[in-house]
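The values are calculated or read from the model by the stated rules, or taken from the named source; none is laboratory data. If you're wondering where the values come from, they're calculated on a predicted model, not measured in any experiment. Because the Cβ atoms are built from the backbone with ideal geometry, glycine has one as well, and the counts that use them run over all protein chains shown. With ligands, DNA and RNA removed, areas are computed over all heavy atoms of the protein, side chains included. Shrake-Rupley method; radii C 1.70, N 1.55, O 1.52, S 1.80 Å.
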Amino acid sequence: MAGRAEASNAIHTLADTGLVEVRGDERGTGALLRQKETDRGEAVDGVFVFAGLEPNTEWLGGLVDLVDLDSAGHIVTDISLATSVPGVFIAGDVRQFSAAQLAASAGDGATAVVSAVRRLKANRGRRSFGGPQRQPIGATVTNPCRPTGPAVRRPSHPGRRARGGGGTVPSR
């Protein structure tokens, strides 16, 4: 995409340049830019800020050294957004396969919270979170999204929940 933008006569890219201020109406008719330590005004037809694709995990400090990362530096999670460290969940653009969209990150946040609450409930009364916590086959689990009744895990698919208004799924 960067190559197409650079080839276009309608788009002018500025590397290593920060946007200090958008000037004009809501679309932007001017911009105050900072390149190194120099500020300059620029007339524009619009402003598009590209923040980049490199995951920002610096704020995690030493935790980033504990979790599994992919080759691009994104944090590897499972479907519940759990990391390789038991009890640690990650949401947003720093996770592997993120859609890198605000709405998707908000959904990730909700998923991570629900997963963390389920983990806490499963470990209630235990002193340690060590190792993955799985319900035994045939155990009754409560689905907080469907308060009408419990669901029972299928023996052949221990990771899937029964769907519908509650009840049970017979063993095969």
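Given Cβ point charges of +1 (Lys, Arg) and -1 (Asp, Glu) and nothing else, what value in debye, to the nearest 20, does the dipole of segment 28-76 about its Cα centre take?
Computed about the Cα centre, the dipole is about 240 debye.
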> Got a sec to turn the phi values of segment 4-14 into Karplus ³J(HN,Hα) couplings, 6.51 cos²θ - 1.76 cosθ + 1.60 with θ = phi - 60°, whole Hz, x for Gly and Pro?
Replying inline: 5, 5, 5, 6, 6, 7, 8, 10, 10, 9, 10
> Assigning unit charges at the beta carbon (Lys, Arg +1; Asp, Glu -1) and nothing else, what dipole magnitude in debye, to the nearest 20, does segment 83-128 show about its Cα centre?
Replying inline: 480
> If amide H atoms are built 1.01 Å from N in the plane of the peptide, which residues on other chains or at least 5 residues away come under 5 Å of the amide H of Arg23?
Replying inline: Thr29, Gly30, Ala31, Leu32
> Hey, what do the phi angles of segment 64-76 turn into as Karplus ³J(HN,Hα) couplings, whole Hz, using 6.51/-1.76/1.60 and θ = phi - 60°, x for Gly and Pro?
Replying inline: 4, 6, 8, 8, 6, 10, 7, 5, 8, x, 7, 7, 7
> Among Lys36, Lys121, what's the order by accessible area (1.4 angstrom probe), most exposed first?
Replying inline: Lys36, Lys121
>> I need the calculated FRET efficiency for the pair Val117 and Asn9, taking r as the beta carbon distance and R₀ as 45 Å, to the nearest 0.05.
In response: 0.25
